[in-house]
1. From the residues in the stretch 179-192 that are among the aliphatic types (A, V, I, L, M) and open to solvent by 10 Å² or more (accessible area, probe 1.4 Å), which one is farthest from Asn255 (Cα to Cα)?
2. Looking only at residues in the stretch 193-244 that are over 30 Å from Met1 (Cβ atoms) and either among the charged types (D, E, K, R) or in contact (Cβ under 8 Å) with a residue 60 or more places away in the chain (or both), which one is surrounded by the fewest Cβ atoms within 10 Å (Cβ to Cβ)?
3. Just give me the residues in the stretch 1-40 being loosely packed, with under 15 Cβ neighbours inside 10 Å and either of a type in the set (D, E, K, R) or touching an Asp or Glu at 6+ places or on another chain (Cβ under 7 Å) (or both), in sequence order.
4. Those residues that are in contact with an Asp or Glu (Cβ under 9 Å, 6 or more places away or on another chain) and outside any loop (DSSP other than H, G, I, E, B), I need them from the stretch 41-52; list them, please.
5. What strands (runs of 3 or more DSSP E) lie completely within the stretch 56-148 and have 2 or more residues being modelled with pLDDT of 95 or more and surrounded by 16 or more Cβ atoms within 10 Å (Cβ to Cβ)?
Amino acid sequence: MRRVRAANPSPLTASGTNSYIIGSGDVAIIDPGPALPGHLDAIIAALETGERVSHIVVTHAHLDHSALAPALAARTGAEMLAYGRATDGRSAVMARLIADGAAPGGGEGLDHSFRPDRCLADGETIAGATWSVTGVHTPGHIGGHLCLAAGDLLFSGDHVMGWAGSLVSPPDGDMTDYMASLARLRHGAWRRLLPGHGEPVERPADRIDALLAHRRAREAAIRTALDSGPMGLAALTARVYTDTPESLMPAARRNTLAHLIDLHGRNLICATPILSPEAIFQTT
């Protein structure tokens, strides 16, 4: 396995997107990354003499993971695989919010132009002579997110990272799905996680437990804040995310809204007049 890191550092991508080359001879590339010509050249340069890229696998259709895939496919002739397009796998509650005209604006990072050559289903395995990976559908960060299992290694995309938690931004992200996917991964006997950003996670169970605990703590803080009275999204986020830089508050409001939608679905809060980013929320 070889890692090639894209030069797209940011507060949401850490030091950049990790692209992985797996196998030898006929190889697969996981998450080609952003559409940077220099990164395309770096991936090609990381191949050994005579190696051929047979498969390109995208964990999810966000621009920092999938945008380079068409150019890499054109350069190598490789097949592009993913769970689906950018909006495939979207949860029923998010689809309903969109249909009702109550969904928040979002999808800033969606790669709407991405079209896989073939969809990779949950539990489906693809392989070359020296490698194989199995799709593990982990919706939450985005509905079509796939982790990829290779024995006791897991390419965890943006679902589990060591440097930060995942952004869950409705209507693309769904907190209910995110927590369920974390719980599913917790049952795996993973030796190491290889995330889409940051360094490898050497103690996967501990990291997943920490992410679950963090989200439960956020949920508890939201419910405690609402115990003091009804509140809108912006005021509630400011009450809960007290240590967050102003530049990251838009992302914090997305995460708060994701928690509120989850709590509403569990009948723990209500929204007036309807469930939307403009609603006033209160405990039931």
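The values are calculated or read from the model by the stated rules, or taken from the named source; none is laboratory data. Because the structure is a prediction, the values reported are computed rather than measured. Virtual Cβ from ideal backbone geometry, glycine too; neighbours counted across all protein chains shown. Side chains are part of the model used for accessible areas, which takes the heavy atoms of the whole protein and leaves out ligands, DNA and RNA. Shrake-Rupley method; radii C 1.70, N 1.55, O 1.52, S 1.80 Å.
1. Within the stretch 179-192, the match that is farthest from Asn255 (Cα to Cα) is Ala189.
2. By that ranking, first place goes to Asp243.
3. Arg3, Gly25
4. Arg52
5. Correct list: 79-82, 132-137.
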